[in-house]
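The values are calculated or read from the model by the stated rules, or taken from the named source; none is laboratory data. These numbers come from a predicted model, not from an experiment. Note that each Cβ is placed from the backbone with ideal geometry, even for glycine, and that neighbours are counted across all protein chains shown.
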Amino acid sequence: MTELISKLELKKVNQAVQKMQQLAQKIDIFCSALLFQAQRRIHYVFNKREIYTSIKKRKGNCLRCGRCCHASLKCQHLEYDENGLSLCKVYDRKPTMCSLYPYNENDYFYHIKPACGYNYDT
Ligand code: SF4
Ligand code: SF4
């Protein structure tokens, strides 16, 4: 009986640890995405020429997954159509930094890079 109680308690502890790890991972992704958004804006201000040169090497297409539009907080202009494809409500006047994602091989939110339809030869 005591052994059974110990096993149940151990299971609960493991579940709690797992939940804490998942929460820590979400916080880590959120904070690094926010930091990355700030960094790429600062980089843009000081390196426009380099950015407009490097983006010419961008290959592939946007798959309209919408992941980059809610990499940290979900953008207020993001919607999805009936097929689950992302729609930007301000597409014709969307911010420059949106049009420039990703502007080089390092300009990816790390947690969504594999899913993006754009790529660069490295
Ligand atoms: S993550 Fe890449 S493929 Fe998805 S919406 Fe953004 S640019 Fe397009
Ligand atoms: S403005 Fe449009 S492209 Fe930019 S993050 Fe929002 S929904 Fe995405």
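Per-structure values
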item	result
Close pairs (9 angstrom Cβ cut-off, 6 or more residues apart or separate chains): farther than 15 Å from Lys56 by Cα in the range 93-122, away from ligand 2 (no atom under 14 Å from the Cβ) and hydrophobic (A, V, I, L, M, F, W, C) anywhere	Phe109/Ile29; Tyr110/Ile29; His111/Ile29
Hey, Asn61 polar (S, T, N, Q), at pLDDT 95 or above and closer than 23 Å to Cys116 by Cα or not	yes
Any hit, the range 70-81, residues being within 15 Å of ligand 2 (Cβ to nearest atom), in contact with an Asp or Glu (Cβ under 9 Å, 6 or more places away or on another chain), within 23 Å of Tyr120 (Cα to Cα) and of a type outside the set (A, V, I, L, M, F, W, C)	no
Failed item in (1) of a type outside the set (Gly, Ala, Ser); (2) more than 10 Å from ligand 2 (Cβ to nearest atom); (3) under 25 Å from Thr122 (Cα atoms); (4) under 20 Å from the mean Cα position of the chain (by Cα), with Lys48 passing the rest	(4)
The range 90-120, residues that are under 13 Å from Arg64 (Cα atoms) and more than 11 Å from ligand 1 (Cβ to nearest atom)	Tyr91
From the options Leu63, Leu34, Leu23, residue that is in contact (Cβ under 8 Å) with a residue 24 or more places away in the chain and assigned to a helix (DSSP H, G or I)	Leu34
Test for Ala38: is it loosely packed, with under 13 Cβ neighbours inside 10 Å, among the aliphatic types (A, V, I, L, M) and either at pLDDT 95 or above or within 16 Å of ligand 1 (Cβ to nearest atom) (or both)	yes
Residues of the range 56-81 that turn out to be more than 11 Å from ligand 1 (Cβ to nearest atom) and closer than 15 Å to Tyr103 by Cα, as a count	3
Residue selected from the range 66-95 under the condition among the acidic types (Asp, Glu) and not in a helix (DSSP H, G or I), by the criterion farthest from the chain's Cα centre (by Cα)	Glu82
Any hit, the range 42-50, residues being part of a helix (DSSP H, G or I) and either at pLDDT below 95 or over 16 Å from Thr96 (Cβ atoms) (or both)	no
